[in-house]
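Here's the structure we're looking at; comments come further down.
The values are calculated or read from the model by the stated rules, or taken from the named source; none is laboratory data. A quick note: this is a predicted structure, and the numbers were derived from the prediction, not measured. Heads up, the Cβs are rebuilt from the backbone with ideal geometry, glycines too, and the neighbour counts pull from every protein chain shown.
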Amino acid sequence: MSKKIDLQKIPPLNSLKGFEATARLLSVRGAAKELNLTHPAITHQIRSLEENLNVKLFRRDGRSIAITKEGKLYYPYVKDALAKLIEGADVLNLKFLEHPIKVQSYITNSIRWLAPRLPKFRVEHPDIQLHLITSNANWEFDEDHADIGLIFNDAKIPPHLSWTKLFNAVLFPVCSPELLKGNTPMIKPCDLLNYPLLFVYTEAWSWEKWFEAVQSEPAQITRPILIDTLAMALEMAIKGEGIVLVNGPSAEDYLASGQLVRPVDNQIDVEGEWGVICSKTIRNTPHVTAVIDWLQKEADLSDWS
């Protein structure tokens, strides 16, 4: 069994970084610049460490500083300890890279936007394996089961998570050109009331919100068609069975191919945005960074909104 470490004897860990940089550079100003801290912050770290150890680590030498014999004795231990911590973090990162990166995405966006682009991702990043986790039951990031999430968010991001924006949140209707027999775009939004409107039950409010925003008054919607998922609603729209509202990139490829059209030009901004979320502890690991950078690039190529 490993020997117990007396944690009470461990010096202030933050101060060790300031000491190492100052001792290596023999410059408080240089250490502050390297660690992106202020000159007083580094001075405070060194003073705190000296008080904890009850020794002087540096002395003034004219306008410069010099390391004391105690500082010289202590420096290799600090350097080795910090290097060991970095080595351990690198080992964890390498271990992390051995496993597929679990990507959470909603069913519709997975099918309609993300999945068609994955062959391109595999060509560009053959060393990265992705594991898609799709669900419409959980709209928030499920950090217990996913590494990163491609989600819609309209709330404050918790401080331990990293957020990268991909798309604006814009709500607009789409339908098959066959439904309108080429009569697009319509002049007035209220003309849509003459056609079947498809309601995704989890966002049943969206049509009322859209009509109220684009024509400044509520619409009298009669006999809407309720659908379980946006994926099913889009299939029905493609077959000419109604008009559906979309928020997100799920209809982009169908709009580009002409299978779907926008029956009116009106769209409204929705509070929130689409993006990628993950723990800050893995945000800068090479494979996670590669995935997020790739998603940003694909989002920049999109022109759905």
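Report those strands (runs of 3 or more DSSP E) wholly inside region 106-225 carrying at least 3 residues which are under 15 Å from VAL246 (Cβ atoms).
161-174, 197-200
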Selection count, region 55-95, where residues are in contact with a helix residue (DSSP H, G or I) (Cβ under 6 Å, 6 or more places away or on another chain) and at pLDDT below 80: 0
Conditions (1) crowded, with 16+ Cβ neighbours inside 10 Å; (2) within 22 Å of VAL174 (Cβ to Cβ): number failed by ILE292: (2)
Residues of region 255-305 that turn out to be farther than 24 Å from GLY242 by Cβ, of a type outside the set (D, E, K, R) and not in a strand (DSSP E or B), as a count: 17
Residue that is modelled with the highest pLDDT, among those in region 2-19 that are in a loop (DSSP other than H, G, I, E, B) and among the basic types (Lys, Arg): LYS4
Conditions (1) over 17 Å from GLU298 (Cα atoms); (2) under 16 Å from the mean Cα position of the chain (by Cα); (3) surrounded by 13 or more Cβ atoms within 10 Å (Cβ to Cβ); number of the one not met by SER105: (1)
Matching entry among ALA204, ALA251 (being within 23 Å of THR134 (Cβ to Cβ), exposed (fewer than 13 other Cβ atoms within 10 Å of the Cβ) and of a type in the set (A, V, I, L, M)): ALA204
Test: residue in region 223-242 that is modelled with pLDDT under 85, buried (at least 17 other Cβ atoms within 10 Å of the Cβ) and not basic (Lys, Arg): no
Any chance LEU57 is in contact with an Asp or Glu (Cβ under 8 Å, 6 or more places away or on another chain) and assigned by TED's automatic domain parsing to the domain that holds ALA81: yes
Any hit, region 138-153, residues being surrounded by 12 or more Cβ atoms within 10 Å (Cβ to Cβ), in contact with a strand residue (DSSP E or B) (Cβ under 6 Å, 6 or more places away or on another chain), at pLDDT below 90 and within 30 Å of GLN259 (Cα to Cα): no
Count - residues of region 42-82 that are closer than 13 Å to ASN14 by Cα, free of Cβ contacts under 8 Å to residues at least 60 places away in the same chain and of a type in the set (Gly, Ala, Ser): 1
